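To start, the structure itself, in structure tokens.
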Amino acid sequence: MYDYRARVERIVDGDTMIVTIDHGMNIRSSQSLRLLRVYAPERSSGKAGSDATHAVADWVAGHYESNADWALKVTTHKDSRTFNRYLAEVVCAGCGDSLNDHLRDLGYTDQGTGAPKPLTSNS
């Protein structure tokens with residue numbers, strides 16, 4: 001498990017993003033990260049996929065300050081079952097808010113479908 005400063009290059013879908021990782025000493029790399037314990041529909045799956053992708057984009061946009069080049073901190077975990085991508089927790093370097101927690105709070109926790117679990121009511 002490793003912690004790095006990062007910036008978003010591209011949001012692939014609701015649970016995958018491409019980021020530039022700052023390894024220190026002017027060494028950087030581009031990595032595909034799969035958000036740990038987040039299961040969202042693929043972007044190409046229609047409205048549900050588009051909604052999940054927009055949820056990530058909105059969170060990222062809301063946590064970038066106008067002059068913050070390295071607005072995120074990622075904690076990576078290597079897992080060979082995820083197509084050689086790294087699993088990651090992504091947090092705002094400034095305030096500590098977690099993108100993973102945000103998406104899980106929205107309901108992107110159902111590993112079988114990637115769809116948000118329906119909210120239950122007490123009525």
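The values are calculated or read from the model by the stated rules, or taken from the named source; none is laboratory data. What you see is a predicted model; the values in this text were computed from it and never measured. Here the Cβ is made from the backbone with ideal geometry for all residues, glycine too, and neighbour counts use every protein chain on show. The accessibility values were calculated without ligands, DNA or RNA, using every heavy atom of the protein model including side chains. Shrake-Rupley method; radii C 1.70, N 1.55, O 1.52, S 1.80 Å.
Quick rundown of the values:
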{"quantity": "Flag for Arg28 being of a type outside the set (A, V, I, L, M), at pLDDT below 95 and in contact with an Asp or Glu (Cβ under 7 Å, 6 or more places away or on another chain)", "calculated": "no"}
{"quantity": "Matching residues in the stretch 49-80 - criterion: being surrounded by 13 or more Cβ atoms within 10 Å (Cβ to Cβ), more than 11 Å from the chain's Cα centre (by Cα) and without any contact (Cβ under 8 Å) to a residue 60 or more places away in the chain", "calculated": "Gly49, Ser50, Asp51, His54, His63, Tyr64, Ala68, Asp79"}
{"quantity": "The lone exception for Asp58 - which of (1) among the charged types (D, E, K, R); (2) over 15 Å from Tyr2 (Cβ atoms); (3) touching a helix residue (DSSP H, G or I) at 6+ places or on another chain (Cβ under 8 Å) it fails", "calculated": "(3)"}
{"quantity": "Options Arg104, Arg85; residue that is at pLDDT 90 or above, crowded, with 16+ Cβ neighbours inside 10 Å and closer than 14 Å to Asp15 by Cα", "calculated": "Arg104"}
{"quantity": "Search result, residues across the stretch 1-19 that are open to solvent by less than 20 Å² (accessible area, probe 1.4 Å) and assigned to a strand (DSSP E or B)", "calculated": "Ala6, Asp13, Thr16, Met17, Val19"}
{"quantity": "Filter result (free of Cβ contacts under 8 Å to residues at least 40 places away in the same chain and hydroxyl-bearing (Ser, Thr, Tyr)) within the stretch 30-44", "calculated": "Ser30, Ser44"}
